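Computed from the coordinates by the stated procedures, all read-outs in this text should not be read as laboratory data. Here the structure is a predicted model, which means the values were calculated and not measured. Cβ placement follows ideal geometry from the backbone for every residue including glycine, while neighbour counts extend to all protein chains displayed.
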Ligand SMILES: [Mg+2]
């Protein structure tokens, strides 16, 4: 499965959700609503990252409990990915935009490390 497939699946779900919330099949309204809730999607993304951190318990230096199950951690990771893909769709990012931005940043990160960033 490729990024384009994931973006398409997420767009389909987001439009299904919008049609339920708005109680309409009007695509213009659905697309506008999706753009209008970008701030909420970014907050949801942040919340899902927190849930992933909670599942790993990576920051809980005060706790002697280990991480939750691998299945639970993967489930939270999937929640993060869902929200990230939803944000990408709201920003109208195409698969090639995501790949280009990722490769550019990846290269920049290596350069920063080489330069003592
Ligand atoms: Mg979650």
Given labels modelled 7 Å from the Cα in the Cβ direction, how far is it in nm from residue 2 to residue 70?
2.9
Rounded, prolate or oblate: pick one for the range 52-115, where a ≥ b ≥ c are the square roots of the eigenvalues of its C-alpha gyration tensor, a/c under 1.5 means rounded, and failing that, prolate if a/b is larger than b/c, else oblate.
oblate
For peptides 80-87, 94-101, sequence by mean Cβ density within 10 Å, most packed first:
80-87, 94-101
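Can you compute the helix-only [θ] at 222 nm over the chain? Use -39500 (n - 2.57) per DSSP H run of at least 4 residues, normalise by all residues, nearest 500 deg cm²/dmol.
On the way: 5 runs with 90 residues, N = 117.
The helix contribution divided over the chain gives -26000 deg cm²/dmol.
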Contact order relative to length of the range 1-76, as percent, for alpha carbon pairs under 8 angstrom and 6 or more apart
19
Give me the extension gain from residue 32 to residue 47: residue separation times 0.36 nm, minus the current Cα-Cα distance, reported in nm with one decimal.
3.0 nm
What angle do you read, to the nearest 10 degrees and between 0 and 90, between the alpha-carbon axis of helix 70-90 and the longest principal axis of the chain?
50
Each label sits 7 Å from Cα toward the beta-carbon; between residue 62 and residue 105 the label points are separated, in nm, by 3.2
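For the range 1-54, rounded, prolate or oblate, judged on the Cα gyration tensor with a ≥ b ≥ c (square roots of eigenvalues), a/c < 1.5 rounded, else prolate if a/b > b/c?
Details: a/c = 2.46, a/b = 1.41, b/c = 1.75.
In terms of gyration-tensor shape, oblate.
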For the chain, find the longest principal axis of its Cα atoms and tell me its angle to the long axis of helix 27-36, 0 to 90°, nearest 10.
30
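When a/c reaches 1.5 or more, the comparison of a/b and b/c decides; with that in mind, is the chain rounded, prolate or oblate per its Cα gyration tensor?
oblate
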